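Q: Pasting a structure here, questions to come.
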Amino acid sequence: MSSAAATLSEIVRAAGSHVPRLLGLVEQRLKTLAAGHGPVLAAHAGDTIAAGGKRMRPLLVLLAAGPQAAREPELIAAAASVELIHSATLVHDDVLDGAHLRRGVPTIWAQGGRALAVATGDLLFSRAFSELTAAGSLPAVRSLSRATSALAEGELLQRQDAWNAAVPIERYLLRCELKTARLFEAACELGAQVARLTDAQIAELGSFGRAIGLAFQLLDDVIDVAGPASLTGKQRGADLLDGTVTLPLILARERDAQLAALDLRTITTPEQAEELCARIERTDALAEARARALRVVAEAKCRLDALPLEAGQRQALKLVGDSVADRTA
Ligand code: FPP
Ligand code: MG
């Protein structure tokens with residue numbers, strides 16, 4: 001068992017048995033929501049959801065809410081919506097990236113082409129919002145729509161900055177915030193809203209989610225350069241090959257003049273990408289980027305102490321932070 005998987009069982013132990021039960025109900029709800037729009041779209045949307053993933057965002061919704069027996073339908077709707085948005089963005093991202101595999105299975109784009117993948121992503125996106133609307137919470141709709149706007153802005157920023165190895169670090173961090181951290185933030189806000197916390201507390205739990213999401217993306221970008229492919233299931237340096245400049249390269253360019261002068265467009269083969277990753281690693285940029293992510297997680301965990309959470313709930317949220325920090329794949 002990987003350390004991340006071991007941490008998931010610890011999270012459940014800390015938070016209580018309602019968490020796996022609710023996660024099961026969220027799973028059922030996701031399947032129901034993917035169906036009901038004709039067999040072709042339902043099959044693809046269903047496959048996307050069945051392909052799995054870590055379900056981190058629904059887990060954050062549940063943990064931020066704590067045990068809420070009376071409001072379970074609202075909670076499940078919120079958790080399912082966040083996961084549907086996440087799935088929709090990945091389906092669209094695979095079209096934009098021309099990606100053939102996701103979570104080890106052929107992407108919808110690869111199987112059925114652009115039109116089918118765009119429509120499937122749209123379906124998942126719109127089902128997410130109809131689910132939230134049915135739960136009747138305007139603040140929840142507001143939180144999630146803020147996050148989806150951010151996601152789209154983040155994707156646009158990534159396209160604008162493609163191949164620009166000299167991108168400033170602040171702009172890279174903004175991209176991570178927009179494309180990843182804001183959905184984690186919304187997940188925590190949604191859970192805190194179900195628990196009827198105050199606006200200040202909802203914002204504070206949201207900040208925790210945002211920090212965890214930022215660390216998640218920073219480490220995702222470290223893993224892309226660190227490899228190895230046998231552990232990550234992805235080509236080492238895949239981001240560099242498609243022109244996505246991330247923190248390891250930004251830091252490495254400050255230490256290695258040859259890297260600073262490199263035109264990323266000259267890196268076109270997996271072998272060249274592998275060599276570039278090894279060179280980045282030799283500058284210690286990976287260790288520094290990882291350390292930065294771990295600092296973000298540590299600060300986020302400390303902020304939880306000021307919130308009126310149950311001991312087990314607080315511990316479980318901290319363990320989510322640890323599981324992000326422990327990521328190696
Ligand atoms: C995956 O990250 C992609 C994202 C987190 C954001 C994608 C956003 C869009 C396609 C635009 C918004 C779409 C909707 C439906 C609101 P990555 O590319 O870093 O990781 P990967 O290696 O898994 O592709
Ligand atoms: Mg991508």
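The values are calculated or read from the model by the stated rules, or taken from the named source; none is laboratory data. Source: prediction; values computed, not measured. Glycine also receives a Cβ, built like all others from the backbone with ideal geometry; neighbour counts cover every protein chain displayed. Accessible surface areas use protein heavy atoms only, side chains included; no ligands, DNA or RNA. Shrake-Rupley method; radii C 1.70, N 1.55, O 1.52, S 1.80 Å.
Q: So which of 192, 181, 203 ends up being part of a helix (DSSP H, G or I) and open to solvent by 10 Å² or more (accessible area, probe 1.4 Å)? Can you show your working first?
A: On the way: 192 fails: open to solvent by 10 Å² or more (accessible area, probe 1.4 Å); 181 fails: open to solvent by 10 Å² or more (accessible area, probe 1.4 Å).
One residue alone meets the criteria, 203.
Q: Quick one: is residue 316 surrounded by 22 or more Cβ atoms within 10 Å (Cβ to Cβ) and more than 30 Å from residue 229 (Cβ to Cβ)? Break it down stepwise before answering.
A: On the way: surrounded by 22 or more Cβ atoms within 10 Å (Cβ to Cβ): yes; more than 30 Å from residue 229 (Cβ to Cβ): yes.
So residue 316 passes the test.
Q: For the stretch 228-271, what are the residues that are of a type in the set (A, V, I, L, M), more than 16 Å from ligand 2 (Cβ to nearest atom), part of a loop (DSSP other than H, G, I, E, B) and surrounded by 13 or more Cβ atoms within 10 Å (Cβ to Cβ)?
A: 262, 267
Q: Would you confirm, using the coordinates I've provided, whether residue 152 is buried (at least 24 other Cβ atoms within 10 Å of the Cβ), part of a helix (DSSP H, G or I) and within 12 Å of ligand 1 (Cβ to nearest atom)? Break it down into steps so the answer makes sense when it comes.
A: Numbers: buried (at least 24 other Cβ atoms within 10 Å of the Cβ): no; part of a helix (DSSP H, G or I): yes; within 12 Å of ligand 1 (Cβ to nearest atom): yes.
When the stated conditions are applied, residue 152 does not pass them.
Q: Could we say that residue 144 is within 12 Å of ligand 1 (Cβ to nearest atom), under 22 Å from residue 64 (Cβ atoms) and in a helix (DSSP H, G or I) here? Spell out how you get there, then give the answer.
A: Working: within 12 Å of ligand 1 (Cβ to nearest atom): yes; under 22 Å from residue 64 (Cβ atoms): yes; in a helix (DSSP H, G or I): yes.
Yes.
Q: Of the conditions (1) assigned to a helix (DSSP H, G or I); (2) at pLDDT 95 or above; (3) more than 15 Å from ligand 1 (Cβ to nearest atom), residue 166 fails just one. Which one is it?
A: Every listed condition holds for residue 166 apart from (1).
Q: Failed condition for residue 130, given (1) crowded, with 22+ Cβ neighbours inside 10 Å; (2) of a type outside the set (D, E, K, R); (3) away from ligand 1 (no atom under 13 Å from the Cβ), with all others met?
A: That leaves (1) as the condition not met.
Q: Has the stretch 302-315 got at least one residue that is small (Gly, Ala, Ser) and closer than 16 Å to residue 218 by Cβ? Show your work before the answer.
A: Step one: of the stretch 302-315, the residues small (Gly, Ala, Ser) are 306, 311-312.
Now narrow it down to the ones that are closer than 16 Å to residue 218 by Cβ: none.
Looking for residues that are small (Gly, Ala, Ser) and closer than 16 Å to residue 218 by Cβ, one finds none in the stretch 302-315, hence no.
Q: Restrict the check to the stretch 96-104 and report whether at least one residue is more than 23 Å from residue 186 (Cβ to Cβ), of a type in the set (A, V, I, L, M) and either surrounded by 16 or more Cβ atoms within 10 Å (Cβ to Cβ) or within 15 Å of ligand 1 (Cβ to nearest atom) (or both).
A: Yes, that holds for at least one residue.
Q: Can you report the number of residues in the stretch 87-103 which are more than 9 Å from ligand 2 (Cβ to nearest atom), over 14 Å from the mean Cα position of the chain (by Cα) and part of a helix (DSSP H, G or I)?
A: Here the count works out to 2.
Q: Keeping to the stretch 105-118, report how many residues are open to solvent by 10 Å² or more (accessible area, probe 1.4 Å) and within 12 Å of ligand 1 (Cβ to nearest atom). Full working, then the answer.
A: Going through the stretch 105-118, the residues open to solvent by 10 Å² or more (accessible area, probe 1.4 Å) turn out to be 105-106, 108-116, 118.
Among the residues that remain, those that are also within 12 Å of ligand 1 (Cβ to nearest atom) are: 109, 118.
Selection size over the stretch 105-118: 2.
Q: When you check residue 23 against the structure, is it over 30 Å from residue 311 (Cβ atoms), open to solvent by 30 Å² or more (accessible area, probe 1.4 Å), within 19 Å of the chain's Cα centre (by Cα) and modelled with pLDDT of 90 or more, yes or no? Walk me through how you get there before you give the answer.
A: Values: over 30 Å from residue 311 (Cβ atoms): no; open to solvent by 30 Å² or more (accessible area, probe 1.4 Å): yes; within 19 Å of the chain's Cα centre (by Cα): yes; modelled with pLDDT of 90 or more: yes.
Considered against the rule, which asks whether it is over 30 Å from residue 311 (Cβ atoms), open to solvent by 30 Å² or more (accessible area, probe 1.4 Å), within 19 Å of the chain's Cα centre (by Cα) and modelled with pLDDT of 90 or more, residue 23 comes out as no.
Q: For the stretch 217-227, which positions are open to solvent by 20 Å² or more (accessible area, probe 1.4 Å) and either within 28 Å of residue 307 (Cα to Cα) or of a type in the set (A, V, I, L, M) (or both)?
A: Within the stretch 217-227, 226 is the sole residue that qualifies.
Q: Conditions first: (1) among the polar types (S, T, N, Q); (2) open to solvent by 10 Å² or more (accessible area, probe 1.4 Å); (3) within 19 Å of the chain's Cα centre (by Cα). Residue 68 passes all but one, so which condition is the exception?
A: Every listed condition holds for residue 68 apart from (3).
Q: Now a separate question. Taking residue 308 as meeting all but one of (1) open to solvent by 60 Å² or more (accessible area, probe 1.4 Å); (2) at pLDDT 95 or above, write down the number of the exception.
A: (2)
Q: Something else now. Out of curiosity, is residue 16 on the phi > 0 side of the Ramachandran plot and either modelled with pLDDT of 80 or more or buried (at least 22 other Cβ atoms within 10 Å of the Cβ) (or both)? Outline the logic, then answer.
A: Details: on the phi > 0 side of the Ramachandran plot: yes; either modelled with pLDDT of 80 or more or buried (at least 22 other Cβ atoms within 10 Å of the Cβ) (or both): yes.
Yes, satisfied.
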